[in-house]
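A.B. asks: Before we start, here is the structure in question, set down as structure tokens.
Any read-out appearing in this document is the output of simple, stated calculations on the displayed coordinates, not a laboratory observation. Please read all numbers here as calculations on a predicted model, not as lab measurements. Cβ: placed from backbone, ideal geometry, glycine included. Neighbour counts: every protein chain shown.
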């Protein structure tokens with residue numbers, strides 16, 4: 001149960017960070033390329049941008065292919081995660097939750113259905129799926145956290161409506 005709570009906390013942090021950090025497109029992306037559905041691999045160089053937030057003890061390093069974020073590395077108080085994206089959607093996250101330098105948790109996502117699976121990597125390199133009961137609890141807690149975030153955003157946006 002302790003392990004599930006740690007995974008849920010990391011999972012929730014990442015969901016918020018990814019949604020608020022604009023992980024699908026760069027803020028300074030070329031609008032002409034974005035409007036015309038730029039998909040050619042030419043002129044889609046790899047670039048890396050790093051942001052630091054010392055007051056939150058957090059760093060975010062984004063790797064872009066053209067204007068698309070394809071990888072985001074996040075360090076919050078020593079808890080490191082790497083998220084991988086394709087077509088602007090996060091499909092996999094690895095997490096080093098115990099701060100030992102190896103990634104113990106792997107989460108994969110289906111962005112079209114919001115379904116996910118979580119796997120644990122052992123010190124010997126072997127990987128096994130999260131127990132079904134734990135995964136069901138994670139799905140339920142994730143839905144509750146998502147609903148709470150939606151309610152908060154709806155309430156906050158409601159405060160700023162112009163009559």
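A.B. asks: Being outside any strand (DSSP E or B) and more than 24 Å from residue 110 (Cα to Cα) is the filter here; which residues of the stretch 41-82 pass it?
C.D. replies: Residues satisfying the conditions are 41, 42, 43, 44, 45, 54, 55, 56, 57, 77, 78.
A.B. asks: Give the stretch 83-109 a look and list any residue that's within 12 Å of residue 121 (Cβ to Cβ) and not in a strand (DSSP E or B), or say none.
C.D. replies: Within the stretch 83-109, the first condition is being within 12 Å of residue 121 (Cβ to Cβ), and the residues that meet it are 94-98, 100, 102-107.
97, 98, 100, 102, 103, 104, listed by residue number.
A.B. asks: Another question, if that's okay. Of all residues in the stretch 110-121, which are closer than 21 Å to residue 143 by Cβ and part of a strand (DSSP E or B)?
C.D. replies: Those that are closer than 21 Å to residue 143 by Cβ and part of a strand (DSSP E or B): 110, 115, 116, 117, 118, 119.
A.B. asks: Only one of these is touching a helix residue (DSSP H, G or I) at 6+ places or on another chain (Cβ under 6 Å) and over 24 Å from residue 86 (Cα atoms): 134, 122. Name it.
C.D. replies: Going through 134, 122 in turn, the sole match is 134.
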